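In what follows, a single structure is set out as structure tokens and then discussed.
The numbers here are math on the coordinates, done by the rules we state, and not lab data. Since the structure is predicted, the reported quantities are computational estimates derived from the model, not experimental observations. As a convention, Cβ positions derive from the backbone with ideal geometry for all residues, glycine included, and neighbour counts pool all protein chains shown.
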DNA sequence: TTAGGGTTAG
């Protein structure tokens, strides 16, 4: 077959035609000369061909050792080049490089002419024995005619990862005018797949005229699929004149592998309708695309009909499918049916299934059972069991696995290290996670994202941000969408508006906004940094909003005290056909409680229970209690808690305690406080809250007793602390702090504000000072509250028009709240204060919380 | 063309 039609050479300059003609001429001359020499040698040494015959016998019996020995004893005249070809073939077959090299040196030292035949065998020997450098050298010395030998070397170079070498040889083959065959394209396709670009591969195939060949078409499909160009692969698939089971399987697998399960399944259905017989690979691919076990069961049936029920790979994939679909009963049936054919793969699938369903005990038990069965865990099963510990917060179990990993020297595996760090991070042990991270010689994107996300979730926001900076500095691994998604919650928790904006810039430069995960966390970040309008603008830009998008925006309105807006958005979400879940109900209930919308709150609570059939959790109950308590319905709240179908926790009673403080009900507070102290005896916040209630009622003796109680328990009050970001630097203040270099200015400013307040008849809210002393001292203590210091620094250090954004770790104090209102009017500055509970937006002497805090 | 494992938002 004329493989390379003349048109195929249009890829090369016209002088190629001359080269081809000349080489053919040279080849003919060389070959004639070889025949001449061979005949001459045979004539001279006719009597000595015995050793040649003997050698052939040895080769035929596969005795390479004696063949080489005999060859060494013989002279050039004894040996026919065809015999050399046979012995080289034997070396190639037995992968014996040492013998092969000896024969090569025999050939060279005896001056044998390296013609295409002998050269081919020499190249084959080197190719098969893995000395690809020598193999390529032979190709440079001799013109090898048969495509087979080129294909083998092209293939081997690709296999060892020398993709450019493989493509170079392919191009040389083409320029030499060697007739290619269909295998040539299969052999080189892997190399084109693995280099950047490689787009010309399809062009070569089309020009070679092999485009119609089924196996070549399959290679082109594989090429596009590896490059994740599923649509291009589909075009090749659609244009194929004939498709074999491999073509169908590739297309199905290509879709499913690239997350397009529906398309993959529709090709599978078409395959079934076309009457093509499915095989093991078809079903293994299809099972990977089954996201619900009903469909998977149908494929299970097809597999049984196709007599694949006993195939290990089919069973393992079935097991994995059922386990991923959450149908553990079916998974267990398959597992039971495998009895003695269970491998570490089967165990891993079921362990991972248990882990996903939160059945940590079962997962750990199965892991132990596997070891008892004599099947040793490998990196996959260890990763699966670590993941199980991570999801179920099993720190002790995870630590035991870590010990096992150390004993069995498995720590080198990146998957294992990453899973270990994730386990520690999810169990809150960031120090351990850090240690694993620091010991990793090579870190990939998962490693960085895991630790950054771990810091972020464990309230080490600053550490998360610095690790991200280090990642950018080191430049070994580029951040991706997930890095940013890990990072934004850190900015959100710190209220680090400027940092968040910087990351927003990074997101826009890298076009990450189209990723909904990113867009949602960006909206959440801005809402939590107090930039509600910005959050809303971005929310409006999200093209296809999901439940999380709506929920973060609803929660954003809620925490800023825009209850009505939150409710409107919740209704809009339902109109858009998105069903609320338990978290979105928490957001809307929280919004109702923070805006004093009692009727609406009840309406949503009932809607959730009776229409959406969502069982309320502690969080929902806490919102209702909070809503009732804030609005002064203290007894209603108390009765509500008593009638709860689930056990109330400290947060629930704590919400009522807060209500008691707002409405100055000391008696009820005492009753509630005892319940809270019993439930969370170590939480100092509740003692402080109760002490405040006493202080506000001026019951100083009770304050003293409570203080003593705190002291006896060895508890220390969590110090109030506020911070403000100025020019990218976070300034932190604790109460009475004078460490800031601007302290003098800050104090003078606050004194001035206080004086102006007094002039306008606003006296300090000294009840909040919590100090039983003379009024003056109290006033001074108030002046030192951390949020006032931070706000003052903000006003003094930032340009007019810039919003002052302050964050406090506890609830804002009443006096600071009054003063902030006054300062916003006096200085005509907008102040956004985020406390542990919500946002306060101070403008023109008013606060957005309207007293609900 | 062919089995199992690791990182993201409310």
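With both residues required to sit in chain A, DSSP beta bridges show an antiparallel share near 80%.
Of the residues A:372, A:239, the one with the fewest other Cβ atoms within 10 Å heads the list, and the complete ranking is A:372, A:239. Separation of segment A:441-493 from segment A:224-269 is 36 Å, based on Cα centroids.
Considering only Cα atoms, the convex hull volume of segment A:49-127 works out to 72 Å³ per residue. Taking the C-alpha atoms only, the angle from helix A:64-73 to the longest principal axis of chain A is near 50 degrees. For the peptides A:622-631, A:67-76, residues were scored by their other Cβ atoms within 10 Å and the scores averaged per peptide; the highest-first order is A:622-631, A:67-76. Gyration tensor over the Cα atoms of chain A: the corresponding equivalent ellipsoid has semi-axes (square roots of 5 times the eigenvalues, largest first) of 76, 30, 27 Å. Distance from the alpha carbon centroid of segment A:80-112 to that of segment A:116-153 works out to 12 angstrom. Once R0 is set to 56 Å, what does the formula 1/(1 + (r/R0)^6) return for the Cβ-Cβ distance between residue A:603 and residue A:762, expressed as a FRET efficiency to the nearest 0.05? Rounded to the nearest 0.05, the efficiency is 0.90.
Taking Cα atoms only, the orientation of helix A:395-407 departs from the longest principal axis of chain A by about 30 degrees. Spread over its residues, the convex hull of the C-alpha atoms of segment A:582-712 is 94 Å³ per residue. Each of the peptides A:832-842, A:347-357 was scored by the mean count of other Cβ atoms within 10 Å over its residues; in descending order, highest first, they stand as A:347-357, A:832-842. Subtracting the Cα-Cα distance of residue A:582 and residue A:238 from 0.36 nm times their residue separation leaves 119.3 nm of extension gain. Helix A:461-474 against the longest principal axis of chain A: what's the angle in degrees, Cα atoms only, rounded to the nearest 10? Result, in degrees: 30.
Is the C-alpha gyration tensor of segment A:461-685 telling us rounded, prolate or oblate? Criteria: a/c under 1.5 is rounded; beyond that, a/b larger than b/c is prolate, otherwise oblate.
Here segment A:461-685 falls in the prolate category.
Using the Cα coordinates of segment A:477-584, the gyration tensor eigenvalues translate into equivalent-ellipsoid semi-axes of 23, 16, 11 Å, sorted from longest to shortest. At R0 = 51 Å, how high is the FRET efficiency between residue A:113 and residue A:305 if r is their beta carbon distance? Nearest 0.05 is fine. Given R0 = 51 Å and the Cβ-Cβ separation, E is 0.25.
If you take the Cα centroid of segment A:817-848 and the Cα centroid of segment A:348-409, the two points sit 52 Å apart.
Please rank A:184, A:743, fewest neighbouring Cβ atoms within 10 Å first, as an exposure proxy.
Listed from fewest to most nearby Cβ atoms, that is A:743, A:184.
Would you mind classifying segment A:459-517 by shape? Square roots of the alpha carbon gyration tensor eigenvalues, ordered a ≥ b ≥ c; an a/c under 1.5 is rounded, otherwise it is prolate if a/b is larger than b/c and oblate if not. Since a/c reaches 1.5 but b/c is at least a/b, the shape of segment A:459-517 is classed as oblate.
In terms of the mean number of neighbouring beta-carbon atoms within 10 Å, the peptides A:304-312, A:675-683 order highest first as A:675-683, A:304-312.
Sorted from fewest to most neighbouring beta carbons within 10 Å, what does the list A:245, A:672, A:588 look like? Intermediate results must be reported in sequence, preceding the final value.
Working: A:245 14, A:672 28, A:588 32.
Listing A:245, A:672, A:588 from fewest to most nearby Cβ atoms yields A:245, A:672, A:588.
Using a Förster distance of 45 Å, how high is the FRET efficiency between residue A:339 and residue A:619, based on the Cβ-Cβ distance and rounded to 0.05? For R0 = 45 Å, the calculated efficiency reads 0.45. If a/c stays under 1.5 just call it rounded; otherwise compare a/b with b/c (prolate if a/b is bigger, oblate if not). Do that for segment A:342-442, with a ≥ b ≥ c from the square roots of the Cα gyration tensor eigenvalues. Since a/c reaches 1.5 but b/c is at least a/b, the shape of segment A:342-442 is classed as oblate.
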